[in-house]
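Have a look at the structure below before the remarks.
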């Protein structure tokens with residue numbers, strides 16, 4: 001995969017990688033309502049504005065939105081944009097994002113918003129790329145069980 005063209009020298013790549021790791025740590029470790037999240041949101045929006053073709057920025061902002069859990073629709077849009085950029089050949093610094101992570105979290109966002117057909121389709125595509133992701137297999141199995149349970153409940157209704 002190609003790396004993003006606006007980061008040609010090693011020092012810039014290293015700075016971006018450190019900023020990305022910091023953003024991911026922020027997403028994992030801080031309470032959802034902390035001031036740090038406000039700063040992270042501003043930084044990620046600035047990254048999107050300054051580098052609209054950088055897939056990593058769209059992915060990280062999607063992760064932020066998904067973790068905030070109040071903007072699933074916006075998360076779907078950001079993950080979708082990241083995947084669209086990959087389809088255009090505009091990859092980022094982390095090849096895992098383009099190969100399966102954006103797709104995985106887009107599937108999560110679809111599932112969380114009740115769009116299970118789209119979610120299952122994307123989860124299956126993730127398994128084509130990473131067949132050993134047992135967590136994804138369990139998600140699909142749980143979704144299938146819930147669908148069967150729902151169908152049974154509907155049949156029992158008077």
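Quick rundown of the values:
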{"quantity": "Among the candidates 98, 89, residue that is under 23 Å from residue 51 (Cα atoms), in contact (Cβ under 8 Å) with a residue 12 or more places away in the chain and within 15 Å of the chain's Cα centre (by Cα)", "calculated": "98"}
{"quantity": "Residues that are in contact with a helix residue (DSSP H, G or I) (Cβ under 8 Å, 6 or more places away or on another chain) and either closer than 17 Å to residue 63 by Cβ or part of a helix (DSSP H, G or I) (or both), drawn from the stretch 122-141", "calculated": "122, 123, 124, 125, 126, 127, 129, 136, 137, 139, 140"}
{"quantity": "When residues of the stretch 73-86 are limited to those that are crowded, with 17+ Cβ neighbours inside 10 Å and more than 11 Å from the chain's Cα centre (by Cα), the one modelled with the lowest pLDDT", "calculated": "86"}
{"quantity": "Answer from 98, 114, 89 - the residue that is within 23 Å of residue 73 (Cβ to Cβ) and outside any helix (DSSP H, G or I)", "calculated": "114"}
{"quantity": "Odd one out for residue 77, checked against (1) outside any helix (DSSP H, G or I); (2) closer than 18 Å to residue 44 by Cα", "calculated": "(1)"}
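The values are calculated or read from the model by the stated rules, or taken from the named source; none is laboratory data. Computed from a predicted model, the values in this text were never measured in an experiment. As a convention, Cβ positions derive from the backbone with ideal geometry for all residues, glycine included, and neighbour counts pool all protein chains shown.
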